[in-house]
Amino acid sequence: MMATGEPRLDEPPPEGAAGWREGRERTDGVGFDELYHAHFRSLTLQLTAYCGDLSQAQDLVQEAFCRAFARWSRVSRYDDPVAWVRRVAWNLATSRWRRLHTAQSFLHRQREEHAPGPSPDRVALIAALALLPPNHRRAVVLHYLADLSVAEIAQQEQVPEGTVKSWLHRGRAALATQLSVTIEVNNHE
């Protein structure tokens, strides 16, 4: 086995490793480095049992120790600084679980709802409307689907009311022909 000088993921870095200063602040005989080296592994194992994921547990314990280091002048005076680090790590794990649970709940609520496709009658009507001249189609749609009166359609289209009545009559006749042909074709199949 070749020594690379890099610490293993499940172990704290060795004493004197790059980036670790010697002689951290000490209070009551307990230094941060000693606390870290003595308890990193056991806290990681505890969090692994709680989370079920070693790498997540390592991240949580590391974050807890980072927070302890930032507050070391106060944390080192506690009767049991390890208990503080453990509590922080467990709180971080709980917070992470809550965030994941909230995100999953949100995703479940955002599921795509599938609406049934159009009925065969609707498809036939759309196809028949597509065959009408544009003026006749607009008059039929505005009158029967938008519930506009003949006078309102005439005003909107800027044509006399008689023209709208003619478009409606011709549109209905063409639709009746198209839809009866479609119904007969479907019945013979």
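Quick look at the numbers
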{"item": "For the stretch 89-132, the fraction of alpha-carbon pairs in successive 10 Å shells from zero, as %", "result": "22, 20, 15, 14, 13, 11, 5, 0"}
{"item": "Charged-residue dipole, Cβ positions (Lys, Arg, Asp, Glu), the stretch 57-125 about Cα centre, Debye nearest 20", "result": "400 debye"}
{"item": "Size descriptor, Kirkwood hydrodynamic radius, that averages inverse alpha-carbon separations across the stretch 73-184, Å", "result": "20.0 Å"}
{"item": "Ellipsoid equivalent to the stretch 48-89 - semi-axes via the Cα gyration tensor, in Å", "result": "22, 11, 5"}
{"item": "Rounded FRET efficiency, nearest 0.05, which uses the C-beta distance separating Cys66 from Thr102 and R0 of 25 Å", "result": "0.55"}
{"item": "Ranked packing of 119-129, 42-52, most packed first, by mean Cβ within 10 Å", "result": "42-52, 119-129"}
{"item": "q = 0.18, 0.19, 0.20 Å⁻¹: log10 I(q)/I(0) that the Debye formula gives for the stretch 25-115, counting C-alpha atoms only", "result": "-0.77, -0.83, -0.89"}
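Read-outs throughout are calculated quantities, based only on the coordinates presented, and are distinct from any laboratory measurement. As the structure is a computational prediction, the values presented were derived from the model and not from experiment. Note that we place each Cβ from the backbone using ideal geometry, even for glycine, and neighbour counts take in every protein chain shown.
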